[in-house]
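Have a look at the structure below before the remarks.
The values are calculated or read from the model by the stated rules, or taken from the named source; none is laboratory data. Computed from a prediction, not measured in an experiment: that's the story for all the values here. Cβ coordinates were reconstructed from backbone atoms using ideal geometry, including for glycine residues, and neighbour counts include every protein chain displayed.
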Amino acid sequence: MAHEGKRDWTDEERVQRMVKSYAVRYDNEFWKSLDSLTGSGTRETVADFGCGPGLLLVDIANKYSAKVAIGVDESKEMLAQADTFLKERTNLESFELVQVNLDTEEIPVEPDSIDYAFSGFMLHEVASPSVFVSQVRRHIRSQGLFVVYDFISGNEAAFVKTMSEHGMSEEQARKRYPHMCKHSAIDIEEILQTSGFQDCRMIAIDEIRAVVVGIKR
């Protein structure tokens, strides 16, 4: 069976839809929740695992005055757009974009090299969330943060309503709910804890989204 979530990651039209919908997916409520959980300050090296077209990576690089940014994604089309945005919209000393299948390949990033790692709407896509999170942890420095932002389970009606308001048919939204809303916020927090992260905290933004943060001690 084809992976429903991955089927159009190489489609240029999908890339541009993600660019256009960025402000909806990463809205003011998301940023307020993120600030509440992570605070401010400088993070020298930031990374986005599942970076898509790169707009979130741009924003966290600028927000935390990063010197280095790393974007990891399976789609070369997404990474090409990320390359453009990082060049145009940041003053980074350097950045690295890595194409890798997060289900089957090791992430070719130096261990213990990242101060702040992020993964948005990605945890539900990977075949083994615990393996993915454990692999990410290896690349984070001691005292570094990992932020997971994802859809959460528990309210199919709210998910269908929200997706319908943003142009997805009700039929397609109901079809995607089991795939996109696999975990509760507590599930995500537990995945981070069992993968070795400590001091995990979470905020449910609304009935279908949550931000979860863990620290590598």
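Computed values, structure above
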item: One residue from Glu110, Glu125, Glu106 being assigned to a loop (DSSP other than H, G, I, E, B) and in contact with a helix residue (DSSP H, G or I) (Cβ under 8 Å, 6 or more places away or on another chain); result: Glu106
item: Residues that are surrounded by fewer than 24 Cβ atoms within 10 Å (Cβ to Cβ) and either closer than 20 Å to Arg17 by Cα or modelled with pLDDT under 95 (or both), drawn from the stretch 59-72; result: Asp59
item: Every pair of residues 6+ apart whose Cβ atoms lie under 9 Å, when the first sits in the stretch 63-90 and is within 26 Å of Asp35 (Cα to Cα) and in a helix (DSSP H, G or I) while the second is of a type in the set (Gly, Ala, Ser) and modelled with pLDDT under 95; result: Lys63/Ser40
item: Residue check, Ala210 in contact with a strand residue (DSSP E or B) (Cβ under 8 Å, 6 or more places away or on another chain) and small (Gly, Ala, Ser); result: yes
item: Residues located in the stretch 158-188, provided they are over 15 Å from the mean Cα position of the chain (by Cα) and either hydrophobic (A, V, I, L, M, F, W, C) or within 26 Å of Gln143 (Cα to Cα) (or both); result: Ala158, Phe159, Val160, Met163, Met168, Ala173, Ser184, Ile186, Asp187
item: Out of Val148, Val133, Val212, sole residue that is outside any strand (DSSP E or B), under 19 Å from Cys51 (Cβ atoms) and of a type in the set (A, V, I, L, M, F, W, C); result: Val133
item: Single residue of the stretch 1-58 satisfying the filter (in a helix (DSSP H, G or I) and among the acidic types (Asp, Glu)) that is modelled with the lowest pLDDT; result: Glu12
item: Verdict on Ile186 being surrounded by fewer than 17 Cβ atoms within 10 Å (Cβ to Cβ), among the hydrophobic types (A, V, I, L, M, F, W, C) and either modelled with pLDDT of 95 or more or not in a strand (DSSP E or B) (or both); result: yes
item: The listed residue being surrounded by fewer than 14 Cβ atoms within 10 Å (Cβ to Cβ) and within 21 Å of Ala23 (Cβ to Cβ), out of Thr104, Thr84, Thr90; result: Thr84
item: Lone unmet requirement of (1) farther than 27 Å from Gly41 by Cα; (2) of a type outside the set (A, V, I, L, M); (3) surrounded by fewer than 17 Cβ atoms within 10 Å (Cβ to Cβ) for Phe159; result: (3)
item: Filtered residues of the stretch 11-58 (kept if crowded, with 18+ Cβ neighbours inside 10 Å and among the polar types (S, T, N, Q)); result: Ser33, Thr38, Thr45
